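Written below as C-alpha cells is the structure these notes are about.
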Amino acid sequence: SVLSEKEQNKVSKLPGQNFNVNFAHYSGFVTTNEKLGRALFYWLIEAAEDPASKPLVLWLNGGPGCSSVGFGEAEEIGPFHIKPDGKTLYLNQYSWNQAANILFLDAPVGVGFSYSNTSSDLLTNGDKRTAQDSLTFLLKWVERYPEYKGREFYIVGESYAGHYIPQLSQAIVRHNQASGENTINLKGYMVGNGLMDDRQDQLGLFQYIWTLGFISDQTYTLLKLQCGLEPFIHSSEACNNALEISYKEMGNIDHYSVFTPACV
Amino acid sequence: CTEKHSKVYFNLPEVQRALHVPPEVAPSKWDTCNYVVNENWNDCASSVLDIYHELIAAGIRIWVFSGDADAVVPVTSTRYSIDALNLSTTSPYGPWYIDGQVGGWTQQYAGLNFVTVRGAGHEVPLHRPKEALALFKAFISGTPLLST
C-alpha cells in the first residue's frame, strides 16, 4: 500500500529512547519555494491525551538562526530531553504536549535541518521572507495534516521570535482577511523575553544590568551614549566596544540566566 | 549546558534517519544556531509595536511573559516596550502563585496580558518548567493565573 505523506513522516521510537510514550509524533520537510528549493523542517508532537480535542501550538525559537528543535523541543517544552551523554533521552514531566499538540518549526532555511538548494538563500534571510515562508509552510502543512484545518491555533516562542511571532501572526490575519478562509485559525500568541522595539529593549537592558549592580556607573553612561539608538542585533563598532566593557564587568556569568553558574 | 547535549544528539546519523532527514540534505554539522544566517540577516524591523496595535484591534489574544533573571532581553526591556504601546490597564497589578509560592507578577492591559516568571532566565521553561507549564495552560485556556 502507498503511505500518505503524514504516515511517511511518523516517527517510531527514537534512538536512545528507553521509555514508551502514549502519543504520536511526526517529522519531515515542507517545501516553501519549489523554484529555489527551500524546505523547512518540522516536528509535530501530538498531545498526550485526546489530541483531536486539543489546540495546535507552533513553537518558535529566535536567534535569528536558532533551532526550535534544538532548544524548544530538546531542552524547554518538548517531551524528549537529552541526557548529558548526548545519546539517551528522558521524558520531560512538564512537556507542553500535556495540554496541546506542539509543532516545532526550524525557520528560516539554514536553521537546524531546514535547507535550500540555492546556497545564496542562506545569505539573504530576513524578517519578511521568514514570515512569508512560515505562512507558506503552515498552509501546505495543514494539507498534509487536514485534521488541523480550522483547529484553534496559537503561536508561542521567545527571544528573536519576538519578531517572528507578531510578523507571522500579521501575515496569517491578513491572509485570512484577503482569502476569506480560516484554515489557519489563529486565536492568539505568547512571547517570552522577546525583542519588541530596539530603543526600548536597549534602554531596558542597560537599566537592568545597572540596577542589579552588574556594571559601573561609567559603563552605564557609555552604553546609553553608544548604543541607545542602535539596532539590538548587529550594532556599530562603538556600541560593541561599550558592550565588551560591560561583559568584562559582569564577569563570567550566564547572561541568559544570571544566577545560574556558567557552563564550563 | 543542555545546548551541548543537543549538538551531540542531533548529529547522530541514526537520529537523523529516525527524524526522516535524508543524508543528501542533512547539514555537514547540525548546530543549535547557524551564525551564517545570523550574521547575514537582511531586514530586521526596529520595532514590532505597530503590529501589536494591529493584532490587538483584530482581537488576537496576546500574552507577553518575562523570566526576571535574563540579561539578554530583560524584564525591564519588556516593560518599556509595553509602556510604549500606551495601553490602559484592566486589572490590579499583583503576584501570581504556584504551590503556595510567588510565581511572578502579572498585569492585564486592554488587549495584552503581561506575566513575569520569578527566577527564570531567557529560556523560561528550561529553568522554571513547572511555572512555565502553568503559564502555558493559563494562556491557551484564556484564564488568569492564580492570584491567591
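No cysteine of chain A lacks a disulfide-compatible partner when judged by a Cβ distance under 4.7 Å. For the stretch A:33-134, the dipole from Cβ point charges (+1 on Lys and Arg, -1 on Asp and Glu) about the Cα centre works out to 240 debye, to the nearest 20.
The chymotrypsin sites (Phe, Trp or Tyr not before Pro) found in the stretch B:50-127 that occupy coil by DSSP, while having at most 14 further C-beta atoms within 10 Å, are B:93.
The mean number of partner chain beta-carbon atoms within 10 angstrom of a residue's beta-carbon across peptide A:207-214 is 3. By the Cβ rule of 4.7 Å, chain B holds the following cysteines without a possible disulfide partner: B:44. Shielding by partners for peptide A:177-190, expressed as the average number of C-beta atoms from other protein chains within 10 Å of each residue's C-beta, is 3. Estimated from the Cβ-Cβ distance and a Förster radius of 60 angstrom, the FRET efficiency linking residue A:3 and residue A:217 is about 0.35. Against chain A, whose longest principal axis comes from its Cα atoms, helix A:217-227 is set at around 60 degrees. Available extension along the chain between residue A:263 and residue A:177 is 26.2 nm, counting 0.36 nm per residue and deducting the alpha carbon span. Once the Cα atoms are used to define both axes, helix A:237-250 deviates from the longest principal axis of chain A by about 90 degrees. Ordering B:74, B:112, B:97 by Cα displacement along the dipole of the protein assembly as shown toward the positive end leaves B:97 in first place; charges were set at the Cβ atoms of Lys, Arg (+1) and Asp, Glu (-1). Look at the stretch A:12-19: the mean tally of other chain Cβ atoms within 10 Å of its residues' Cβ atoms is 3. Take the Cα of residue A:253, go 7 Å toward its beta carbon, and the backbone nitrogen atoms of the stretch B:62-77 under 15 Å from that spot belong to B:68-76.
Against chain A, whose longest principal axis is taken from its Cα atoms, helix A:127-144 shows a tilt of about 20°. When each of B:60, B:51, A:253 is scored by the number of other beta-carbon atoms lying within 10 Å, the sequence from fewest to most is A:253, B:51, B:60.
We did not get these values from a lab; they are worked out from the coordinates using the rules stated. Just so it is clear, the model here is predicted, and its values are computed rather than measured. No Cβ is skipped: glycine too gets one built from the backbone with ideal geometry, and neighbour counts run over all protein chains shown.
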